[in-house]
1. Which of the numbered conditions does residue 85 fail, given that it passes all the others? Conditions: (1) outside any strand (DSSP E or B); (2) at pLDDT 95 or above; (3) crowded, with 16+ Cβ neighbours inside 10 Å.
2. Quick one: residue 52 ticks every box in (1) out of contact with any helix residue (DSSP H, G or I) (no Cβ under 7 Å at 6 or more places or on another chain); (2) in the same structural domain as residue 24 (by TED's automatic domain parsing); (3) in contact (Cβ under 8 Å) with a residue 40 or more places away in the chain except a single one, so which number is it?
3. Could you list, in sequence order, all residues of the range 26-44 that are aliphatic (A, V, I, L, M) and under 15 Å from residue 214 (Cα atoms)?
4. Check whether at least one residue in the range 57-77 is more than 30 Å from residue 30 (Cβ to Cβ), within 16 Å of the chain's Cα centre (by Cα) and of a type outside the set (A, V, I, L, M, F, W, C), and report yes or no.
5. Residue 160 versus (1) crowded, with 16+ Cβ neighbours inside 10 Å; (2) of a type in the set (A, V, I, L, M); (3) out of contact with any Lys or Arg (no Cβ under 9 Å at 6 or more places or on another chain): which is the lone unmet condition?
6. Going through the range 36-75 one residue at a time, which ones are in a strand (DSSP E or B) and of a type in the set (Val, Ile, Thr)?
7. Might you let me know whether the range 162-178 holds any residue that is within 24 Å of residue 54 (Cα to Cα) and among the hydroxyl-bearing types (Ser, Thr, Tyr)?
8. Given the range 109-214, what helices (runs of 4 or more DSSP H) lie entirely inside it while holding 3 or more residues that are touching a Ser or Thr at 6+ places or on another chain (Cβ under 8 Å), closer than 23 Å to residue 61 by Cβ and touching a residue at least 24 places away in the same chain (Cβ under 8 Å)?
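The values are calculated or read from the model by the stated rules, or taken from the named source; none is laboratory data. Because the structure is predicted, anything quoted here is derived from the model rather than measured. Cβ sites come from the backbone with ideal geometry, for glycine too, and all protein chains shown count toward neighbours.
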Amino acid sequence: MGSVHADPSIEAGERNEPRIGFDDVTIVRGGRKIVEQLTFRVAAGEILALLGPSGRGKTSVLHAGAGLLRPASGTVERRTEAQSVLFQEARLLPWMSVGRNVRLGARDRSVYSLRPCSRVDEVLAEVGLAGHAGSAPFRLSGGMQRRAALARVLYSEPQVVFADEPFAHLDAQSAGLVASALRRLADSGAAVLITAHEETAVFPLMGNYRTLFL
């Protein structure tokens, strides 16, 4: 049976140190091997994009990295005190405002406070949602909801980020905002692992990145 380890010992801001590590990882779903003996590293300050068509196991690899799925064999290691996952669905709580949903990204940040929060406003503006802190999630389009979920990730200031298809179903402008936000996360020292079907024109906006085809 494979294993997943979380080691928070790495110091925030250390560059070139691997925060995510896969060693000979095999993932089995429904009795079928979808990923076999996968090995790679993602260092602090780096973006790695897992590319490939549907059915190649990209989301499963992402979930294994985040500790949401145990591999059949091999070892997955995360060295972090704070990680965030951006799922394909926005996963916003419908009974909370957009601003409160953003505050859910970090502990002990007054989720239920009625006071305005400048930091929440900043991250919403960064993803093109300025002025929407008080909005109900259902009033946002699907793409806007996904960007609100990204704002939640930005607010949490994670050391490791897992983003599943972050550019899917977004127009060019919105995709550019997402790419720039991912770049800022990496520039702040986070290790970022994303999935995508293929490399597109928006990728250079992420700055320095690597690709791995599955």
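1. In the conditions (1) outside any strand (DSSP E or B); (2) at pLDDT 95 or above; (3) crowded, with 16+ Cβ neighbours inside 10 Å, residue 85 misses (1) alone.
2. (1)
3. Of the residues in the range 26-44, the ones aliphatic (A, V, I, L, M) are 27-28, 34-35, 38, 42-44.
Residues satisfying the conditions are 27, 28, 34, 35, 38.
4. Kept after step one, since they are more than 30 Å from residue 30 (Cβ to Cβ), are these residues of the range 57-77: none.
No: the range 57-77 contains no residue that is more than 30 Å from residue 30 (Cβ to Cβ), within 16 Å of the chain's Cα centre (by Cα) and of a type outside the set (A, V, I, L, M, F, W, C).
5. The single condition residue 160 does not satisfy is (3).
6. 39, 42, 47, 75
7. Taking the range 162-178 first, the residues within 24 Å of residue 54 (Cα to Cα) are 162-172, 174-176, 178.
Next, only the ones that are among the hydroxyl-bearing types (Ser, Thr, Tyr) stay: 174.
Within the range 162-178 (the criterion being within 24 Å of residue 54 (Cα to Cα) and among the hydroxyl-bearing types (Ser, Thr, Tyr)), the answer is yes, since at least one residue qualifies.
8. Working: elements: 118-126, 142-156, 172-187.
It comes to 142-156.
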